[in-house]
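Comments concern the structure below.
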Amino acid sequence: GYISIQINKAKGSADTGASDHIERKTTPKNADPTRTHLNRELVQFPDGVADRTEAISHRIRTAGIKRKITPDQVRAIRIVLSGTHEDMARVQDEGRLSEWCDDNLQWLHRTFGRENTVSAVLHMDEHTPHIHATLVPIVTGERRKAGQKKPKEGGRTYRKKANTARLCADDVLNRTRLLAYHDDYAKVMVKYDLQRGVRGSEARHVSTAQYYRDLRRQTGELEANVRQLQ
């Protein structure tokens, strides 16, 4: 079977539509309400933080960012992790689903940072078990802008702090890193007999609607109520 990893930039400062879906404040048509109680929160929120939306704001507020955050900046990135339906069913039947969740969480922490991984939820009430992860794209160090010139010889230079915290989705989602995420995630999933697809075919941003179309084609799942996610 194959891994499934979908990465999208969240829209808006609260990403309300996705939060409602992930937290089941709205129920998609393809979800089975009798199984919703099997869904699991995999990340514990900080004290005083009640939900995913507050967790995003809390991370940004406490990260030590000095620069002003503009309204158009991406505050969160959504990641959906899963695999081919038959293989995920096998993992579940073998009693290894908790182990699979732990390996996914460790990969998220190692790849994006524990503090940046503000939410991860296992959904069991849809056709294929999958994890909705939310991370805040906070990185450290100064970003070298395109076309930035080096100082002239003999000119004054200023040392910039290497540990400066910045909110920058572009640093997290550049093409080189997207390819690396898929390669690295596939290595972690080898123990579950899940492998990477054709290199380059998955390393792109897709809309939520396209994700569900792809998932339906791969697993025969009924069409989700995409409007609720948008």
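Over all directions, how big on average is the projection of the convex hull of the alpha-carbon atoms in the range 19-111, in square nanometres? Mind showing how you got there, number by number?
Numbers: hull surface 34.1 nm².
Spelled out: convex hull of the Cα atoms, projected over all directions, averaged, 8.5 nm².
Once both labels are modelled 7 Å past Cα along the beta-carbon direction, what's the residue 38-residue 99 spacing in nm?
Taking the two extended label points, one gets 1.9 nm.
Rank these residues by their accessible area, most exposed first, probe 1.4 Å: 192, 2. Don't skip to the end; give the middle numbers.
Numbers: 192 0, 2 120 Å².
Order by accessible area, largest first: 2, 192.
Using a 1.4 angstrom probe and counting only protein chains, how large is the accessible area of residue 9 in Å², to 10?
80
About its Cα centre, how strong a charge dipole does the range 23-125 have in debye, to the nearest 20, once Lys and Arg get +1 and Asp and Glu get -1 at the Cβ?
Using only the charged Cβ atoms, the result is roughly 740 debye.
Quick check: with the 1.4 Å probe, what order do 32, 171 take by accessible area, largest first?
Details: 32 60, 171 30 Å².
The ordering from most to least exposed comes out as 32, 171.
Mind scanning 25/187; 9/187; 25/68; 66/187; 11/66; 11/68 and naming the pairs with a C-alpha gap bigger than 28 Å? Mind showing how you got there, number by number?
Numbers: 25/187 34 Å; 9/187 24 Å; 25/68 32 Å; 66/187 37 Å; 11/66 23 Å; 11/68 19 Å.
Over 28 Å Cα-Cα: 25/187; 25/68; 66/187.
If 94, 115, 23 are ordered by their accessible area, calculated over protein heavy atoms with a 1.4 Å probe, which sequence runs from highest to lowest? Mind dumping the intermediate values first?
Working: 94 95, 115 130, 23 55 Å².
Largest accessible area first, the list is 115, 94, 23.
The values are calculated or read from the model by the stated rules, or taken from the named source; none is laboratory data. None of the values given here were measured: they were computed from a predicted structure. Using ideal geometry, Cβ is built from the backbone for each residue, glycine included, and neighbour counts are taken over all protein chains shown. All accessible areas refer to the heavy atoms of the entire protein, side chains included, with ligands and DNA or RNA removed. Shrake-Rupley method; radii C 1.70, N 1.55, O 1.52, S 1.80 Å.
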